[in-house]
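Enquirer: First the structure, which I've put down as structure tokens, then a few questions once you've had a look.
The values are calculated or read from the model by the stated rules, or taken from the named source; none is laboratory data. All values derive from a computational prediction rather than experimental measurement. With ideal geometry, Cβ positions are generated from the backbone for all residues, glycine too; neighbour counts draw on all protein chains shown.
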Amino acid sequence: MLNLLGKHYSRQKSCKGISRRDAIQIGALGMGGLSLPSILAAEDRQKKKSHKSVIMIYLCGGPPHQDMYDIKVDAPADIRGEFSPISTSIPGIQISEHMPGLAQSMDKATIIRSMVGARDSHYSYQCMTGHHEQNSPAGGWPHFGSAISRFEGPVHPGVPPFVSLCYTTKHRPYNEPGPGFLGLGHSSFRPTGPSRDNLILKDISAEQLGNRKSLLKSFDRFRRNADATGKMEGMDVFSQRAMGILTSSDLFDALDVSKETDQTRERYGEGDLSKPKGDAAPIAPQNFLLARRLIEAGVRVVTVNYSFWDWHSNNFDIGRQEIPVFDKGISALIEDLHERGLSDDVTVCAWGEFGRTPKINKNGGRDHWPGVCAALLAGGGMKHGQVIGSTDRHGGAAADRPVTFSEVFATLYRNLGIDLNTKERLFDFRGQPQHLVDQSVRPIRELI
């Protein structure tokens, strides 16, 4: 808390109640480039930033780990591919020549080269829940963001805890899973598209909205008393949060990227939001900037789906075009979070559902490869500037330190200050107790 009066307030007061010495000290702050308004503004920003959060970036289709993070210079030509490695800011770590931004930011990031446990399925489920869809509990495993909504709730009423910037894709399994057995009240809030205009009140006052809410409650009361599924309880949570959003401009303002400088927007890059790539999502690095703005507004989890990485043909021609765009956006996000003092509080995770085949096919592409894949992590107050794990000579299997998806999720929960073993127990729709991460799984030791 800023105390302008200090311990000298009772001595030698000026006519406005401030001592001469205090006035000199305040003036000195101004001369040093810090005015009172700027100090108060900085204090206000700090209050808004004091929550842990995660930005989850899902690369639909499975990015080629061998052509981004793990180039095999000693492998045969039909495995090695056409790209060369470059050095990074960390001696001994090399990545693709088409990722110069990340190379410069390597001290603030970690690459996991030995992710295991994927399946040959084009779906976001494992990247968003930490589990496979098969043999899931009654109601389904909840989305990670839904779990955070359940455990932590909103930072403040005007901003939901979980916002999805993911586009609806033609290939339906790319789309995010729902809240599962946690119920509808912990669904993501999706502000993209025409629904954004519904975030503010236009021809209705807050008082009128409150009257409508009361009327809705009276209609629902008899159904709620007879309800045994928990759906009505979920709708109560959903309605309460919707009311908070409608009566506050915080979320609407956060979604207005035009409030950023031209320099900042250029730093992230832009893509055409109206044109999905393949049957997946648009190439939209500006959503990384939007995710940062939402986090600053108070959102705890933001998810982004990005582009289409299922390159069964022309892998290297496409890679030359798309990898640099992703690199520019992701490195801008990492550096921006660091510069704004958010790198200890915000964890960034970028990954896809599996890797690509070591051997390049006859069409110059790489096919599905669930044997091993890669992940990129940044922020979260973790130890960075490292590579975790390695793959064999051909990049087809983990050679050492295999890392599971569950370990990553255990790390994310830890970064958010959530100890799943001490939190309230969760039950599926059949009343069976469930653990979001197996109790035997621990956070990634190299990062903490």
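Enquirer: Select from the range 390-435 the residues that are under 23 Å from the mean Cα position of the chain (by Cα) and either among the polar types (S, T, N, Q) or at positive phi (or both) and list them in ascending order.
Expert: Once the filter is applied, which keeps residues that are under 23 Å from the mean Cα position of the chain (by Cα) and either among the polar types (S, T, N, Q) or at positive phi (or both), the range 390-435 yields Thr404, Ser406, Thr411, Asn415, Gly417.
Enquirer: Another question, if that's okay. Can you spot a residue in the range 393-406 that is out of contact with any His (no Cβ under 9 Å at 6 or more places or on another chain) and within 23 Å of Ser149 (Cα to Cα)? Talk me through it step by step, then tell me what you get.
Expert: Just the residues of the range 393-406 that are out of contact with any His (no Cβ under 9 Å at 6 or more places or on another chain), to begin with: 393-394, 396-404.
Keeping just the survivors that are within 23 Å of Ser149 (Cα to Cα) gives none.
Within the range 393-406, not a single residue is out of contact with any His (no Cβ under 9 Å at 6 or more places or on another chain) and within 23 Å of Ser149 (Cα to Cα).
Enquirer: Can we say Leu412 is within 16 Å of Ile148 (Cβ to Cβ), crowded, with 21+ Cβ neighbours inside 10 Å, assigned by TED's automatic domain parsing to the domain that holds Val302 and touching a helix residue (DSSP H, G or I) at 6+ places or on another chain (Cβ under 8 Å)? Explain how you work it out, then say what you get.
Expert: Details: within 16 Å of Ile148 (Cβ to Cβ): yes; crowded, with 21+ Cβ neighbours inside 10 Å: yes; assigned by TED's automatic domain parsing to the domain that holds Val302: yes; touching a helix residue (DSSP H, G or I) at 6+ places or on another chain (Cβ under 8 Å): yes.
It is true that Leu412 is within 16 Å of Ile148 (Cβ to Cβ), crowded, with 21+ Cβ neighbours inside 10 Å, assigned by TED's automatic domain parsing to the domain that holds Val302 and touching a helix residue (DSSP H, G or I) at 6+ places or on another chain (Cβ under 8 Å).
Enquirer: Go through (1) among the acidic types (Asp, Glu); (2) surrounded by fewer than 21 Cβ atoms within 10 Å (Cβ to Cβ); (3) closer than 22 Å to Met128 by Cβ for Glu353 and report which single condition fails.
Expert: (2)
Enquirer: Identify, from the list Gly92, Gly81, the residue that is out of contact with any strand residue (DSSP E or B) (no Cβ under 6 Å at 6 or more places or on another chain) and surrounded by fewer than 17 Cβ atoms within 10 Å (Cβ to Cβ). Reasoning before the result, please.
Expert: Details: Gly81 fails: surrounded by fewer than 17 Cβ atoms within 10 Å (Cβ to Cβ).
None of the other options fit; the residue is Gly92.
Yes or no, residue by residue, for (1) buried (at least 19 other Cβ atoms within 10 Å of the Cβ); (2) touching a helix residue (DSSP H, G or I) at 6+ places or on another chain (Cβ under 7 Å); (3) under 24 Å from Leu416 (Cβ atoms):
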| residue | (1), (2), (3) |
| --- | --- |
| Lys362 | no, no, no |
| Gly380 | yes, yes, yes |
| His384 | yes, yes, yes |
| Val387 | yes, no, no |
| Gly396 | yes, no, no |
| Pro402 | no, no, no |
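Enquirer: Continuing with this model, one more query. Being acidic (Asp, Glu) and free of Cβ contacts under 8 Å to residues at least 40 places away in the same chain narrows it down to one residue among Glu353, Glu339; which is it?
Expert: Numbers: Glu353 fails: free of Cβ contacts under 8 Å to residues at least 40 places away in the same chain.
Going through Glu353, Glu339 in turn, the sole match is Glu339.
Enquirer: Scan the range 80-99 and tell me whether some residue there is of a type in the set (Val, Ile, Thr), within 22 Å of the chain's Cα centre (by Cα), in the same structural domain as Ile334 (by TED's automatic domain parsing) and closer than 18 Å to Gly379 by Cβ.
Expert: Pass one, the range 80-99, residues of a type in the set (Val, Ile, Thr): 86, 88, 90, 93, 95.
Subset that is within 22 Å of the chain's Cα centre (by Cα): none.
Scanning the range 80-99 turns up no residue that is of a type in the set (Val, Ile, Thr), within 22 Å of the chain's Cα centre (by Cα), in the same structural domain as Ile334 (by TED's automatic domain parsing) and closer than 18 Å to Gly379 by Cβ.
Enquirer: Is it the case that Ala374 is touching a strand residue (DSSP E or B) at 6+ places or on another chain (Cβ under 7 Å) and either buried (at least 20 other Cβ atoms within 10 Å of the Cβ) or not assigned by TED's automatic domain parsing to the domain that holds Pro64 (or both)? It would help to see each step written out before you state the result.
Expert: On the way: touching a strand residue (DSSP E or B) at 6+ places or on another chain (Cβ under 7 Å): yes; either buried (at least 20 other Cβ atoms within 10 Å of the Cβ) or not assigned by TED's automatic domain parsing to the domain that holds Pro64 (or both): yes.
Against the criterion (touching a strand residue (DSSP E or B) at 6+ places or on another chain (Cβ under 7 Å) and either buried (at least 20 other Cβ atoms within 10 Å of the Cβ) or not assigned by TED's automatic domain parsing to the domain that holds Pro64 (or both)), Ala374 qualifies.
Enquirer: Does the range 350-359 include one or more residues that are outside any strand (DSSP E or B), of a type in the set (Lys, Arg) and either farther than 16 Å from Asp70 by Cα or not assigned by TED's automatic domain parsing to the domain that holds Pro161 (or both)? Break it down stepwise before answering.
Expert: Quick first cut of the range 350-359, residues outside any strand (DSSP E or B) only: 352-354, 357-359.
Those still in the list that are of a type in the set (Lys, Arg) too: 359.
Then keep just the ones that are either farther than 16 Å from Asp70 by Cα or not assigned by TED's automatic domain parsing to the domain that holds Pro161 (or both); that gives none.
No, the range 350-359 contains no residue that is outside any strand (DSSP E or B), of a type in the set (Lys, Arg) and either farther than 16 Å from Asp70 by Cα or not assigned by TED's automatic domain parsing to the domain that holds Pro161 (or both).
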